[in-house]
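Okay, structure first, notes after.
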Amino acid sequence: MGRILIIAEHDGSTLNSSTSKCVSCAAGIENDGIDIVVFATSGAGIASQAAGLAGVAKVLHVDNEANANPLAAVIAPQVVAIAEPYSHILGPSTTFGKDLMPRVAALLGVGQVSDIMAVLGPYTFQRPVYAGEAIVTVEASADRKLVGTVRSASYKAAATGGSAAVEATSVDANLPTHSRYGELKAAASDRPDLQTASRVICGGRALGSKENFEMVFKLADKIGAAVGATRAAVDAGYVSNETQVGQTGKIIAPELYIAFGISGAIQHVTGIKDAGTIVAVNKDAEAPIFEIADIGLVADLFAVIPELESKLG
Amino acid sequence: MKKIMVGLKRVVDYNVRIRVKPDGSGVITDGVKMSINPFDEIALEEALRIKERGEAEEVIAVSIGPADAQQQLRTGLAMGADRAILVQTDKLVEPLDAARTLLKLIEKESPELVIVGKQAIDDDNGQTGAMLAALWDRPQGTCVSEVTFADGKATVTREVDSGLETIEVDLPAVLTADLRLNEPRYVKLPDIMKAKRKPLETVSLDDLGIALDPQLEIVKTDPPAQRQKGVMVEDVDGLISALKDKGLL
């Protein structure tokens, strides 16, 4: 058995829920303690949020101006510098973790288990391949450190109410200057976050235009849902990239997922398979989405969306 | 830039319906259409556009895989790559070994830029680019949707969960291509003919001094859990009452 280290994801002030999912995954691995590390400019506040996650032994924060923004090339050597006591190092399978963790693994000279969806043993895991059309069980060597990313949709958030020790620490690592952060252009939105929302409404290319997609937003606002989209809808410019759900976008697990005008390509479906209830509205009765939908309605979305909106009012 | 190196992986074509072998030993690949990993195709397209803008002189397409991966490299040459290198092996090459192998080619070719896909659509690992950047001790720009170059630097737009992030990296660097970086060109017949005369070099892992060090044993491959087909409703009222029955509204 060994200790597990989780790399915290945050936006400079708030801990991302993906970190909590990592704790839930780690709790399934036999261990001598689960620690979290926060890399930030002043990470005490974020660390105290992490310390509240049940099952966490200790939270470290490494405060450094260089950690103002998440640059993998800058964070990776710092992770390596504190990696020694740990048998497992985990990060979330979000764009943050996907950028960082392979860099950490390579610096440590070990492979990585991407998108852990189930823990079968301390070094045995299940993960999806081929856009989730197959699930492989992989076994890593117990002689090496295990680096992995955790598929958030496969885990519930850890309980809160914990009171882990918080410790400021510094690391001795040579930080590169060859990578510089520019800016983040985030679509300002008061809507629920796509990755954590309990309700999600998704639109496909059938919406036909950016203007028509507004119907989806209006309905989502009515029921307090987040909005997602297929790759085709994003490519067509109806909505921005961060709404994309699927193999190469976000993997989500809301309680309720409603698809409008989505055919059900496997690349999209892999992103929604973990939803509690899947509702599909499509005018094509043969659309593959109906094969996995809990509730299906063959109808024109341009009639259904306004009617739903008025009847739910 | 003098040289751009692009990694092309041979994978099961994205339109193929994947079937797991009944004995759990993998997925069926016999007689299945194989293609360039779509993200790698985008990587190559970007390299070609950079060259066509006059910002690079040569595009080298490389692959690690079986002899048949020559087909994908020929497609890459037909798209416009100047030459190709196949590191031939029939063994499964994990991302860390792929990165080590690519690093050997980098040491030989000294490219200023390496572009690979952000993930391969077979193993969905999404590791090779970042691992290569780490081993090379150079910057990485992953999930790139836009890139421009000036003064030995690349300004990179990355697709991240919260939106679009820009970073600036010094060259040489490794970029990984995301979907919206570009739309790859179609290959025309004359280009396929021309590509037959372009150089395609084959080397072995031994030639490069690489001994594979596999770290993950694939114990078993299973089909995914299937969702049960649900109910069909007739109209919006039926939909609303079905949702209410489930306590979702």
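One residue stands out in the stretch B:71-92 among those that are over 20 Å from B:VAL187 (Cβ atoms), more than 17 Å from the chain's Cα centre (by Cα) and touching a residue at least 60 places away in the same chain (Cβ under 8 Å): the one that is surrounded by the fewest Cβ atoms within 10 Å (Cβ to Cβ), namely B:LYS91. Residue under question is A:SER24, and the condition is that it be at pLDDT 95 or above and within 14 Å of chain B (Cβ to nearest Cβ); does it hold? Judged against the criteria, A:SER24 is not a match.
Among the residues here, A:LEU301 does not qualify as surrounded by 23 or more Cβ atoms within 10 Å (Cβ to Cβ) and at the interface with chain B (Cβ under 10 Å from one of its Cβ atoms). Of the candidates B:ASP68, B:ASP13, B:ASP30, the single residue that is free of Cβ contacts under 8 Å to residues at least 12 places away in the same chain and surrounded by fewer than 24 Cβ atoms within 10 Å (Cβ to Cβ) is B:ASP30. For A:GLY264, the requirement of being surrounded by 20 or more Cβ atoms within 10 Å (Cβ to Cβ) and under 20 Å from A:ASP115 (Cβ atoms) is not met. Examine the stretch A:119-127 for a residue that is among the aliphatic types (A, V, I, L, M) and in a helix (DSSP H, G or I), and state whether such a residue exists. No, that holds for no residue.
With the condition being touching a helix residue (DSSP H, G or I) at 6+ places or on another chain (Cβ under 9 Å), within 9 Å of another protein chain (Cβ to nearest Cβ) and under 30 Å from A:ALA303 (Cβ atoms), I'd like the helices (runs of 4 or more DSSP H) fully within the stretch B:164-249 carrying at least 1 qualifying residues. So the answer is B:236-245.
Looking only at the stretch A:284-298, residues that are more than 7 Å from chain B (Cβ to nearest Cβ) and under 30 Å from the mean Cα position of the chain (by Cα) come to 4 in all. Residues in the stretch B:113-159 that are among the β-branched types (Val, Ile, Thr), more than 7 Å from every other protein chain (Cβ to nearest Cβ) and more than 20 Å from B:ASP170 (Cβ to Cβ): B:THR128 only.
Scanning the stretch B:213-234 for residues that are among the acidic types (Asp, Glu) and without any contact (Cβ under 8 Å) to a residue 60 or more places away in the chain yields B:GLU217, B:GLU234.
You will find that of A:ALA81, A:ALA73, A:ALA66, A:ALA26, the residue that is farther than 16 Å from A:GLY162 by Cβ, buried (at least 19 other Cβ atoms within 10 Å of the Cβ) and of a type in the set (A, V, I, L, M, F, W, C) is A:ALA73 and no other. Which of the residues spanning the stretch A:91-143 are within 7 Å of chain B (Cβ to nearest Cβ) and in contact with a Cys (Cβ under 7 Å, 6 or more places away or on another chain)? Residue satisfying the conditions is A:THR95 alone. If only residues of the stretch B:99-112 that are within 23 Å of A:VAL129 (Cβ to Cβ) and within 11 Å of chain A (Cβ to nearest Cβ) are counted, the one that is surrounded by the fewest Cβ atoms within 10 Å (Cβ to Cβ) is B:ARG100. Of the residues making up the stretch A:167-179, those that are touching a residue at least 12 places away in the same chain (Cβ under 8 Å) and surrounded by fewer than 21 Cβ atoms within 10 Å (Cβ to Cβ) are A:GLU167, A:ALA168, A:THR169, A:SER170, A:VAL171, A:ASP172, A:ALA173, A:ASN174, A:LEU175, A:PRO176, A:HIS178.
The values are calculated or read from the model by the stated rules, or taken from the named source; none is laboratory data. This one's a predicted model, so the numbers in the text were calculated from it and none came from an experiment. Positions of Cβ are backbone-derived with ideal geometry, glycine not excepted, and every protein chain shown enters the neighbour counts.
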